[in-house]
Amino acid sequence: MSRKEKKVAIISLGCPKNLVDSERFLAALISSGVKFTSSYVGADALLINTCCFIDDAKEESLDVILQAARLKATGELGSLIVVGCLGKRFGESLKREIPEIDLVMGLLKSELVPEIKQFLHNHKKKGSARPYARKIAASAGFLPEVPRLRLTPRHFAYLRIAEGCSNRCSYCIIPELRGELTSKPLEHILAEAEELASDGAREICLVGEDITSYGRDISENLTLARLLRELVKIPEVHWLRLLYTHPAHWTDALIRTVAEEDKVCKYVDLPIQHINDRILKAMGRKVSAGDIRSLMHSLRSRISGLYLRTSIIVGFPGETEVEFQELLEFVSEVGFERLGAFTYSKEEGTEAARMSGQIPEKIKGERLHRLMELQKEIAAAKNRQMIGKELEVLVDGLAEAGSGLYEARFYGDAPEVDGLVILSGDNLQIGNFYRARVTGFQEYDLCAEVVGAIK
């Protein structure tokens, strides 16, 4: 095989922000002469982009790495390269615990391209070269504005508008891994959105560690509201979706923009994490329960048809049963259309990890179960109210083989994290919009039948 024909496969774990990093890095690798293969079996190298935000994410990353290590041991895989948050945080110890790893690096930054390329050319497939680990300093910044190698279906895409986070919540390790907030220049975002649209993206999901802080590090006049007003001008884009907003940074202008612009999905991803004032303060969330309630009222009253998604942490250090009950009552009161929850994860190096009153895992698990049972009831009640309504849906793909059904979403469903619309219809085109009537539901998913196409 010539020096220009090394083949690399990739597994991207964690959130959509990681996926965007993977897409850009793959494009940079390909532009340097490395080939991409969708199958890691027989590849010269498998690159695993990891996540370590919480314990579950770390466990998933480690499980995938161990599976790859077993493939390497049987000769089905060439080199094993680990990058991303887990690689950055635990690089040296990863190499000691899993010697099958050939190379450990940090976040996918442009400076890694020549180094990985050189490694591939110098490293024999059987792994005879000396393995080594390298740590990359914490720094924000973006890969060069190269075309992305899209790993999502053509009709939707994630667009990272900022890197890093300056909120410094007491439980979160992200600022240490990704640095302070660095917003991408407006003109770069618009150019990338145009590129995605011309490549077939009808839905663009804006992502970042905190997209509501977008622009504040560049200019007081550069805001998420202003960005949205520009993005809606792109003709091919039909849906713009906001993911990862922070309750402390919503503005009147942003609420007005979401309410007024038809292309902006009436869907808000707003992680509140908790509602008890003492816990919010201990978390460093920079909002009170009153602030959250006021924001919820403004969003509900001003944005017609709003779907609210939130994330919640249960079992934060010191959380009492009374404080947890307060959280349950708030969730019941608000009736979030979408809710994700996880147990508190004690992250080394964070302020919360040093707090007293760490909650036993058994109690955390029980509280998580109670919260999700409540949310299941809320979701069922809301889905029941949808029966008979007509929705605009976007077809993502076929459902189970031979079922004659399709998987679709309406504006209240973000890709990969929310439910689906299980759709019946004839010869539907993936990536197209249709009108559909809701006929029923299955837990978190709606069932619907097509009543017409939307051009």
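The values are calculated or read from the model by the stated rules, or taken from the named source; none is laboratory data. Being a predicted model, the structure only gives us computed values, none of them experimental. No Cβ is skipped: glycine too gets one built from the backbone with ideal geometry, and neighbour counts run over all protein chains shown.
For segment 305-349, give me each residue that is crowded, with 20+ Cβ neighbours inside 10 Å, over 30 Å from Leu446 (Cβ atoms) and among the polar types (S, T, N, Q).
The answer is Ser345, and nothing else.
Of all residues in segment 426-438, which are surrounded by 14 or more Cβ atoms within 10 Å (Cβ to Cβ) and on the phi < 0 side of the Ramachandran plot?
Across segment 426-438, the qualifying residues are Leu428, Ile430, Asn432, Phe433, Tyr434, Arg435, Ala436, Arg437, Val438.
Exactly one of these conditions fails for Val395: (1) at pLDDT 95 or above; (2) under 30 Å from Gln325 (Cα atoms); (3) not aromatic (Phe, Trp, Tyr). Give me its number.
(2)
Going by what's in this entry, would Leu47 be described as in contact with an Asp or Glu (Cβ under 6 Å, 6 or more places away or on another chain), surrounded by 15 or more Cβ atoms within 10 Å (Cβ to Cβ) and outside any loop (DSSP other than H, G, I, E, B)? Lay out the reasoning, then the answer.
Values: in contact with an Asp or Glu (Cβ under 6 Å, 6 or more places away or on another chain): no; surrounded by 15 or more Cβ atoms within 10 Å (Cβ to Cβ): yes; outside any loop (DSSP other than H, G, I, E, B): yes.
When the stated conditions are applied, Leu47 does not pass them.
Condition first: out of contact with any Gly (no Cβ under 6 Å at 6 or more places or on another chain) and either of a type outside the set (S, T, N, Q) or at positive phi (or both). Now tell me which residues in segment 439-454 satisfy that.
Gly440, Phe441, Glu443, Leu446, Ala448, Glu449, Val451, Gly452, Ala453, Ile454 - these are the residues of segment 439-454 that are out of contact with any Gly (no Cβ under 6 Å at 6 or more places or on another chain) and either of a type outside the set (S, T, N, Q) or at positive phi (or both).
What residue, of Ala133, Ala129, is at pLDDT below 70 and surrounded by 18 or more Cβ atoms within 10 Å (Cβ to Cβ)?
Selected residue: Ala133, the only one of Ala133, Ala129 that is at pLDDT below 70 and surrounded by 18 or more Cβ atoms within 10 Å (Cβ to Cβ).
Can you report the number of residues in segment 358-391 which are closer than 30 Å to Val450 by Cα and in contact with a Phe, Trp or Tyr (Cβ under 6 Å, 6 or more places away or on another chain)?
3
Does segment 420-444 hold any residues that are in a strand (DSSP E or B) and in contact (Cβ under 8 Å) with a residue 60 or more places away in the chain, and which are they?
Phe433, Phe441
Please state which one of Gly357, Gly404, Gly365 is within 26 Å of Ile430 (Cβ to Cβ) and not aliphatic (A, V, I, L, M).
Gly404
For the condition at pLDDT 80 or above, β-branched (Val, Ile, Thr) and in contact with a Pro (Cβ under 9 Å, 6 or more places away or on another chain), what is the one hit in Val104, Val82?
Val104
Restricted to segment 335-359, and to residues that are closer than 30 Å to Gly305 by Cα and among the hydrophobic types (A, V, I, L, M, F, W, C), which residue is farthest from the chain's Cα centre (by Cα)?
Ranking the candidates gives Phe336 first.
Could you list, in sequence order, the residues of segment 327-383 that are of a type in the set (Lys, Arg) and within 21 Å of Ala282 (Cβ to Cβ)?
Step one: list which residues in segment 327-383 are of a type in the set (Lys, Arg), which gives 338, 346, 354, 362, 364, 367, 370, 376, 382.
Answer for segment 327-383, where residues must be of a type in the set (Lys, Arg) and within 21 Å of Ala282 (Cβ to Cβ): Lys346, Arg354, Lys364, Arg367.
Filter segment 1-44 for residues that are buried (at least 16 other Cβ atoms within 10 Å of the Cβ), part of a loop (DSSP other than H, G, I, E, B) and among the charged types (D, E, K, R) and give the result.
Within segment 1-44, Lys6, Asp44 meet the criteria.
Looking at (1) surrounded by fewer than 22 Cβ atoms within 10 Å (Cβ to Cβ); (2) among the charged types (D, E, K, R); (3) touching a Lys or Arg at 6+ places or on another chain (Cβ under 8 Å), find the lone condition where Arg216 falls short.
(3)
Which one is surrounded by the fewest Cβ atoms within 10 Å (Cβ to Cβ) among residues in segment 231-283 that are of a type in the set (S, T, N, Q) and more than 23 Å from Glu416 (Cβ to Cβ)?
Thr251
Collect the residues in segment 313-334 that are within 26 Å of Arg384 (Cα to Cα) and either within 23 Å of the chain's Cα centre (by Cα) or aromatic (Phe, Trp, Tyr) (or both), keeping them in residue-number order.
Listed by number, the residues that qualify are Phe330, Val331.
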